[in-house]
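Contents: one structure, followed by commentary.
The values are calculated or read from the model by the stated rules, or taken from the named source; none is laboratory data. Model, not experiment: these values are computed from the prediction. Glycine gets a Cβ as well: all are built from the backbone with ideal geometry, and neighbour counts include every protein chain shown.
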Amino acid sequence: MMRIGLLSLLCMVCMTATAQIDTTLLRRKPKDTTGMLMNMDAVYSRPFLSVGKLPVALGGYLEANWQHLGTDGITEGHQFQMKRMTLFVASGIARRLKFLSELEFEDGTKEINIEFAALDMEFHPLLNLRGGIIMNPIGAFNQNHDGPKWEFVDRPTSAVALLPATYSNVGFGVYGKQYSKDWVVAYEAYLSNGFDDRIIDNNTGRTSLPATKLNKNRFEESFNGMPLATVKGAIKHRKIAEVGVSYMGGVYNKFENDGMLLDARRRADVFAIDANSTLPVTNTFINAEWAWIQVDVPPTYSQQYGKRQQGGFVDIVQPVYSKPLLGFEQSVVNIACRLEYVDWNVGTFDQTGGNIADHFMSIVPAISWRPGSQTVIRINYRYNLQTDLLGNPASRTAGLQAGFSSYF
Amino acid sequence: MKRIFTYFLILAFGVVAVVSCKKMQPAAPADESILDGPVEGLTSAQKIMFLRGDVAFNDEIFTAETGLGPLFVATSCGSCHAGDGKGHPFSTLTRFGQSDNTGNNFLAHGAPQLQSRALPGFEPEQIPAGATFSKFTPPANTGMGFLEAVTDADIMAMADPTDADGDGISGVVNWVNIKSYITLTGDYITNNGKCIGRFGKKSGAHNLLQQTASAYNQDMGITSLYEPYDTYTGQEIDPEVSNQTLLDVVFYLQTLKAPIQRNPNNADVIKGKELFLQADCGKCHQPTLKTGYSTIAPLANKTFHPYTDLLLHDMGTALDDGYTEGNATTAEWRTPALWGLGLSKNSQGGAYFLLHDGRAHSIEEAILLHGGEATGSRSKYAALPETDKKKLLTFLESL
């Protein structure tokens, strides 16, 4: 009996395997053509692949690149990097009940993170409940960060070194959208576990929200028992632009432990504005984001940890050749340019009244080729200027980067 | 055919980009325009040690988890010595509690160094009532291995404690207690069980090991096997930096190159140097010294040009803060080396902060604040025609 059971199981496995080879059974989720998708929809607007009538859809993307950068005459030579591979699993559990998870492997297997794993329950288009590991919707990049969507090898500096890129946390919240002709208005609001005191106690030597990503315990427990609030509102006109305004903030320090008061409650607050638009005549895509951060740094701490920070980026992408190329029918060649600026310490020295520097700026001209909408091959020239805290002559970094990113 | 041509075009573009990518990168700054970099002639093993020290000095930022504080002045070595140059008032430290050679009466109150910053939840130190104090701007680090390798005999030969030659200048040695972890090497000279101090504003440290271990402890609150006492509790605690790391940093400091003079053949620079010597500035700011034996071959038996005599001089009442260390009087300061002076602005945020506490905002202001034994030189400078003053300043900026 047991043999028959094993044989049956083997047959089923073989049949399944045969079926998977038959690519006609694989279905791509249809691409949205309404032009009404927003940054908040990015998590589900991906090219998922489903099999037959299975309620589970799979997807993912990978990014790899080569670069040769030099700083003030010193180079680390040719670097080949597997930046990340991400796997998505989405499931329509029932009508108006869905689940999505996003598992990311960064720098090979150096970092493995569950970036997103949430259950969505729709009560009304204006009232959806989301819970699990959510991605705090601060700015646009945190929501819409998939590599194949960008013409640049590196993520924006303001998104990774000012804001915590792909910052996710355990929490619950609501979101909703309202359509009216060409307009769509949306909101999101979450409470989640929050920051920790790595913001001002980290080995970058500056106030750093991204340093809080090192706290792996945040998926298990809150550092200080205080929730982090994240709220975003966005409005979009199908033919004009999308504009988003977001806020994320909460107490970051351990002000109390075992019933004993240790310190005052110290807050970190982030405000961000993002906008994107495609100019109708030239088809030029413009995408920009700017963030302001305020952190309550104890007055007895070092001034190298800034109380205020700001920064952002603007990407300009111009399609220049939209014809079949090298046998790829949907081919598009773009030229693009990114401008970036980050000031990690907005303020003046108590001792001299002089400006505290610690800022960064860069320009990244780029050429990208999209053999299809889900794959991008890109070549960037990066030129950075980084100034230290005191405003001494800036160090200059520049060089070429080339790589690809593709959904699969 | 067209497709093949396109393939080749892309391939050719790629090859050209890869081959020429280095040409698209920023060039290295001229060696004489920066202070960091090793002395020439290090062995491969020494270069590896230098690089380890470089990382520990410039990149390692301490946190509460890695031992910072809880009371401190800075979170890393590099935050006080940007580019290995002079520091900024932001990282100026304060010493307090000693007003004569009988010792520091405020050791129980946290002296000699004020821990002006603290981790959240802790309160930084305050200067106790009745304690005199002085502010010290961090010095440049470069060329210190050469200064360390000057023999005691050569330093003693420059001293003139009784002003026997009657020139009004009487350099004296600061005799300091020998730390238990210091092994005196070479032809050292002692005086009543004390050795020659040659580092620090008051020559309070005998060598770079003492200076470094003390800076880890006093500036960052990092204990080591050498300086095991926590600055907050006063108790001996586990080392928070390894001996290897600390010794790597010492080696890094020993083997940082000496600053290279810019435009030494410029006529104004040459004339300025003549005027500098004519004004007797060189009697304290000795242009040339030589090293003795050193276990680091590139430092051994070398002639170099630091513009210091490593001795204490009375600088007059204007620079007398009422605070001192060792046997130095409150008005006495160790002659600072002038090499690298012209590059100070590149590590001080684009402005000059000169003299021991950064009070002088130009080289000329620093000269005019000299008093005591330097009164004669200051007067000679002040009497120079403007064109000659400019030449003298051009010379100093070339160092």
#### Entry: Candidate set from region B:103-122 (those that are within 12 Å of B:Asp219 (Cα to Cα) and part of a loop (DSSP other than H, G, I, E, B)); member that is nearest to the other protein chains (Cβ to nearest Cβ)
B:Ser116
### Query
Which condition breaks for B:Lys47 when tested against (1) surrounded by fewer than 19 Cβ atoms within 10 Å (Cβ to Cβ); (2) at pLDDT below 95?
(2)
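Might you check whether a residue that is within 14 Å of chain A (Cβ to nearest Cβ) and in a loop (DSSP other than H, G, I, E, B) occurs anywhere in region B:140-158?
Looking for residues that are within 14 Å of chain A (Cβ to nearest Cβ) and in a loop (DSSP other than H, G, I, E, B), one finds at least one in region B:140-158, hence yes.
Give the number of residues within region A:345-370 that are closer than 18 Å to A:Gly403 by Cβ, of a type outside the set (D, E, K, R) and buried (at least 20 other Cβ atoms within 10 Å of the Cβ). First the steps, then the outcome.
First, the residues of region A:345-370 that are closer than 18 Å to A:Gly403 by Cβ: A:362, A:364-370.
Then drop every residue that is not of a type outside the set (D, E, K, R), which leaves A:362, A:364-369.
Filter again for buried (at least 20 other Cβ atoms within 10 Å of the Cβ), leaving A:362, A:364, A:366, A:368-369.
Number satisfying all stated conditions: 5.
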### Message
If a residue must be at the interface with chain A (Cβ under 10 Å from one of its Cβ atoms) and either within 21 Å of the chain's Cα centre (by Cα) or of a type in the set (D, E, K, R) (or both), how many such residues does region B:24-51 contain?
### Response
2
### Task
Go through region B:197-253 and give me each residue that's among the polar types (S, T, N, Q), part of a loop (DSSP other than H, G, I, E, B) and in contact with a strand residue (DSSP E or B) (Cβ under 9 Å, 6 or more places away or on another chain).
B:Ser203, B:Asn207, B:Thr223, B:Thr231, B:Gln235
#### Entry: In region A:302-320, residue farthest from A:Val160 (Cα to Cα) [restricted to those that are within 14 Å of chain B (Cβ to nearest Cβ) and of a type in the set (Gly, Ala, Ser)]
A:Ser302
### Task
Taking the residues in region A:215-239 that are part of a helix (DSSP H, G or I) and in contact (Cβ under 8 Å) with a residue 12 or more places away in the chain as candidates, determine which candidate is nearest to A:Pro164 (Cα to Cα).
A:Arg218
### Task
Restricting attention to region B:368-395, report how many residues are closer than 25 Å to B:Gly200 by Cβ, buried (at least 22 other Cβ atoms within 10 Å of the Cβ) and touching a helix residue (DSSP H, G or I) at 6+ places or on another chain (Cβ under 7 Å).
2
### Task
Go over the candidates B:Val55, B:Val150 one by one and state the one that is surrounded by fewer than 19 Cβ atoms within 10 Å (Cβ to Cβ), hydrophobic (A, V, I, L, M, F, W, C), modelled with pLDDT of 95 or more and under 30 Å from B:Ala300 (Cα atoms).
B:Val55
### Task
Just name the residue that is farthest from A:Tyr305 (Cα to Cα) out of those in region A:331-360 that are hydrophobic (A, V, I, L, M, F, W, C) and away from chain B (no Cβ under 14 Å).
A:Val332
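Residues are listed down the side, and each one gets a yes or a no for (1) out of contact with any Pro (no Cβ under 9 Å at 6 or more places or on another chain); (2) among the charged types (D, E, K, R):
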| site | (1), (2) |
| --- | --- |
| A:Glu111 | yes, yes |
| A:Asp120 | yes, yes |
| A:Leu127 | yes, no |
| A:Pro137 | yes, no |
| A:Tyr167 | no, no |
### Task
Inspect all residues belonging to region A:342-356 and state whether any of them is at pLDDT 95 or above, within 22 Å of the chain's Cα centre (by Cα) and under 17 Å from B:Ile10 (Cα atoms).
no
### Query
Is there a residue being within 17 Å of the chain's Cα centre (by Cα) and more than 9 Å from chain A (Cβ to nearest Cβ) anywhere in region B:71-80?
yes
### Summary
Of those in region A:304-344 that are among the polar types (S, T, N, Q) and surrounded by fewer than 18 Cβ atoms within 10 Å (Cβ to Cβ), the residue nearest to B:Thr63 (Cα to Cα) is A:Gln318
### Message
Given the criteria surrounded by fewer than 19 Cβ atoms within 10 Å (Cβ to Cβ), out of contact with any Ser or Thr (no Cβ under 7 Å at 6 or more places or on another chain), more than 24 Å from B:Phe199 (Cβ to Cβ) and without any contact (Cβ under 8 Å) to a residue 12 or more places away in the chain, does B:Ala129 qualify?
### Response
yes
### Task
Can you give me the number of residues within region B:298-325 that are of a type outside the set (Asp, Glu), within 15 Å of B:Gly371 (Cα to Cα) and outside any loop (DSSP other than H, G, I, E, B)?
5
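For region A:379-394, name all the residues that are of a type outside the set (D, E, K, R) and either more than 7 Å from chain B (Cβ to nearest Cβ) or closer than 30 Å to B:Phe13 by Cα (or both).
Here is the first cut: in region A:379-394, the residues of a type outside the set (D, E, K, R) are A:379-381, A:383-387, A:389-394.
Within region A:379-394, A:Ile379, A:Asn380, A:Tyr381, A:Tyr383, A:Asn384, A:Leu385, A:Gln386, A:Thr387, A:Leu389, A:Ala394 qualify.
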### B:Thr295 being surrounded by fewer than 17 Cβ atoms within 10 Å (Cβ to Cβ), in a loop (DSSP other than H, G, I, E, B) and β-branched (Val, Ile, Thr)
yes
### Task
Exactly one condition in (1) within 25 Å of A:Gly403 (Cα to Cα); (2) in contact with a Leu (Cβ under 9 Å, 6 or more places away or on another chain); (3) surrounded by fewer than 24 Cβ atoms within 10 Å (Cβ to Cβ) is not met by A:Asn202; state its number.
(1)
### Task
Please work out if A:Gly259 is surrounded by fewer than 15 Cβ atoms within 10 Å (Cβ to Cβ), more than 22 Å from the chain's Cα centre (by Cα), of a type in the set (Gly, Ala, Ser) and within 14 Å of chain B (Cβ to nearest Cβ).
no
### Query
Of the numbered conditions (1) of a type outside the set (A, V, I, L, M, F, W, C); (2) in a loop (DSSP other than H, G, I, E, B); (3) within 14 Å of chain B (Cβ to nearest Cβ), A:Thr212 satisfies every one except a single condition; which is it?
(2)
#### Entry: Unmet requirement for B:Asp100, which otherwise passes all of (1) at the interface with chain A (Cβ under 10 Å from one of its Cβ atoms); (2) assigned to a loop (DSSP other than H, G, I, E, B); (3) surrounded by fewer than 24 Cβ atoms within 10 Å (Cβ to Cβ)
(1)
### Task
Please go through region B:349-365 and pick out each residue that is small (Gly, Ala, Ser), free of Cβ contacts under 8 Å to residues at least 40 places away in the same chain and surrounded by 18 or more Cβ atoms within 10 Å (Cβ to Cβ).
B:Ala360
### Task
Considering only region A:297-328, state which residues are over 22 Å from the mean Cα position of the chain (by Cα) and under 26 Å from A:Pro365 (Cα atoms).
A:Gln318, A:Pro319, A:Val320, A:Tyr321, A:Ser322, A:Lys323, A:Pro324, A:Leu325, A:Leu326, A:Phe328
### Message
Being in a loop (DSSP other than H, G, I, E, B), touching a Lys or Arg at 6+ places or on another chain (Cβ under 7 Å), buried (at least 16 other Cβ atoms within 10 Å of the Cβ) and in contact (Cβ under 8 Å) with a residue 40 or more places away in the chain: is that true of B:Thr330 here?
### Response
no
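Results for (1) part of a helix (DSSP H, G or I); (2) farther than 19 Å from B:Ala215 by Cα, shown as yes or no for each residue.
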site	(1), (2)
B:Ala17	yes, yes
B:Leu42	no, yes
B:Asp54	yes, no
B:Ser79	no, no
